[in-house]
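Everything below concerns the one structure shown next.
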Amino acid sequence: MLFNMFMAGRISFGPGVSSLIGEKASALGGKRVFLATDRTMEELGTAEKIVSFIDAAGLTVVPFYEVEPEPSVETVDSATALAKSEGCDLVVGLGGGSCLDVAKATSILLTNEGSAARYQGLGLVKNPGVPKIMIPTTAGTGSEVTFTSVLIRKSDGVKGGINGDQLYPEYSLLDPELTVSMPPSVTAATGMDALAHALESYTSKQASPFSDMFAEAAVSRIGRYLRVAVYNGTDIHARSEMMLAALYGGIALANAGVTACHALAYPLGSMFGIGHGQANALLLPYVAHFNAMALPEKFASAAGLLGGSFEEENIWDAASMCSALLHQLVADIALPSTLSDLDSRITEEHFATMAEKAMGVARPMANNPRTMTTDLCMEIYKEAM
Ligand SMILES: [Fe+2]
């Protein structure tokens, strides 16, 4: 047993805690707050609410509404230019994973010269950023507790993470009330992303007793509450359980990493613009099937956590049940279950390129319990077709 343990900053959790943003920003020394968010948050009025809380603490807010789904290096560069010209000394990320990732990257670019592209990789950031506070409005990415900001370079279409300790948020406000406005499809996709984080870190070669504890707690909550959150979005108990599950999934992922599912999902985002959650949701049951025989105890245990019950103590049956339960969950929450359903542009001719790009996502592939090759990636894509 040999492992490290990483935990990000401080967290306040509970319905209504987002109203503490002014107080927390002030305590971290912020005077001019850069708010990285998107048009959805503006239209829903959530951004306005957060701005009013910051205003009330006597701080100035500079809002930036231009974060796009699957955000780009170019967006971070223009956010940074605005934050610099306005003299911002603290960054708040409000929204889904895209907004949080842009906020985290902007925070470090305010103190590190050049474009965000320069820092894509591991450990390339030199200086600590300005303080950053995350307010997620989805229950999925876990970005509030990870040291990564995933950005697409428009120049070559490659997705890459800026990874470094400087990206850990100083504070996160996890307010389940903010997730109530998520439509069912977004609730479903982001919830499956959280499940992918939990299940992949649970079955990662880097899994530890510490990460397992969070992964197990996340898997069982998602198995129990994701359907309710999708079909009864105002159920604040289900929303709270899902937000907690996403947090736990994020902690598990920060400590054990993801595996082949996330790596295989990357090209779906970079080549076809498929959303991160939806891509992972689709692939997760297929990857679980592919991996089950390599790590039967963990997959059997995950099947139990997802609500599976076994009459016989047959480890192989129990392990393969995990994939079946995931297929059922994806169908229940009305997400596409094959690549051809997902996007008609995806054809078998793309699989070689997709497999090559997926193998390039080196760390998750190395974490996978079953050894991966380009041919095996193509096999999984074919299976998912
Ligand atoms: Fe993810």
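List of remarks:
- The lone exception for Val102 - which of (1) touching a Ser or Thr at 6+ places or on another chain (Cβ under 9 Å); (2) at pLDDT below 95 it fails: (2)
- Restricting segment 328-385 to residues that are among the β-branched types (Val, Ile, Thr) and more than 21 Å from Tyr202 (Cβ to Cβ), the residue that is nearest to the chain's Cα centre (by Cα): Thr338
- Taking the criterion of being surrounded by 14 or more Cβ atoms within 10 Å (Cβ to Cβ) and within 17 Å of Gly160 (Cβ to Cβ), the residues of segment 361-385 that qualify are Val361, Arg363, Pro364, Met365, Ala366.
- Taken as a whole, the condition of being within 15 Å of the ligand (Cβ to nearest atom), modelled with pLDDT under 95 and among the β-branched types (Val, Ile, Thr) applies to Ile274.
- Output for segment 168-184, where each listed residue is under 24 Å from Lys49 (Cα atoms), in contact (Cβ under 8 Å) with a residue 60 or more places away in the chain and not β-branched (Val, Ile, Thr): Pro169, Glu170, Tyr171, Ser172, Leu173, Leu174, Asp175, Pro176, Glu177, Leu178, Ser181, Pro184
- Picking from residues in segment 124-151 that are among the hydrophobic types (A, V, I, L, M, F, W, C) and within 16 Å of the ligand (Cβ to nearest atom), the one that is farthest from Leu226 (Cα to Cα) is Leu151.
- Unmet criterion (only one of (1) away from the ligand (no atom under 16 Å from the Cβ); (2) touching a helix residue (DSSP H, G or I) at 6+ places or on another chain (Cβ under 8 Å)) for Ala215: (1)
- Checking each residue in segment 126-154 for being polar (S, T, N, Q) and either assigned by TED's automatic domain parsing to the domain that holds Leu195 or more than 15 Å from the chain's Cα centre (by Cα) (or both) picks out only Asn127.
- Any hit, segment 321-332, residues being surrounded by 13 or more Cβ atoms within 10 Å (Cβ to Cβ) and either touching a Gly at 6+ places or on another chain (Cβ under 7 Å) or among the basic types (Lys, Arg) (or both): yes
- One residue alone among Gly161, Gly121, Gly114 is in the same structural domain as Met41 (by TED's automatic domain parsing) and either crowded, with 20+ Cβ neighbours inside 10 Å or within 16 Å of the ligand (Cβ to nearest atom) (or both), and that residue is Gly161.
Every residue, every condition in (1) touching an Asp or Glu at 6+ places or on another chain (Cβ under 9 Å); (2) within 16 Å of the ligand (Cβ to nearest atom); (3) of a type in the set (S, T, N, Q), yes or no:
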{"position": "Tyr266", "(1), (2), (3)": "no, yes, no"}
{"position": "Gly269", "(1), (2), (3)": "yes, yes, no"}
{"position": "Asn280", "(1), (2), (3)": "yes, yes, yes"}
{"position": "Ala288", "(1), (2), (3)": "no, yes, no"}
{"position": "Asn291", "(1), (2), (3)": "no, no, yes"}
{"position": "Glu297", "(1), (2), (3)": "no, no, no"}
{"position": "Leu305", "(1), (2), (3)": "yes, no, no"}
{"position": "Ile333", "(1), (2), (3)": "no, no, no"}
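- Segment 9-34, subset among the small types (Gly, Ala, Ser) and in a loop (DSSP other than H, G, I, E, B), residue farthest from Pro69 (Cα to Cα): Gly29
Condition check ((1) farther than 21 Å from Asp175 by Cβ; (2) free of Cβ contacts under 8 Å to residues at least 60 places away in the same chain) across all residues:
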{"position": "Tyr202", "(1), (2)": "yes, no"}
{"position": "Lys205", "(1), (2)": "yes, no"}
{"position": "Met213", "(1), (2)": "yes, yes"}
{"position": "Glu216", "(1), (2)": "yes, no"}
{"position": "Arg221", "(1), (2)": "no, yes"}
{"position": "Leu226", "(1), (2)": "no, no"}
{"position": "Ile236", "(1), (2)": "no, no"}
{"position": "Glu241", "(1), (2)": "no, yes"}
{"position": "Tyr248", "(1), (2)": "no, yes"}
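The values are calculated or read from the model by the stated rules, or taken from the named source; none is laboratory data. As the structure is a computational prediction, the values presented were derived from the model and not from experiment. Positions of Cβ are backbone-derived with ideal geometry, glycine not excepted, and every protein chain shown enters the neighbour counts.
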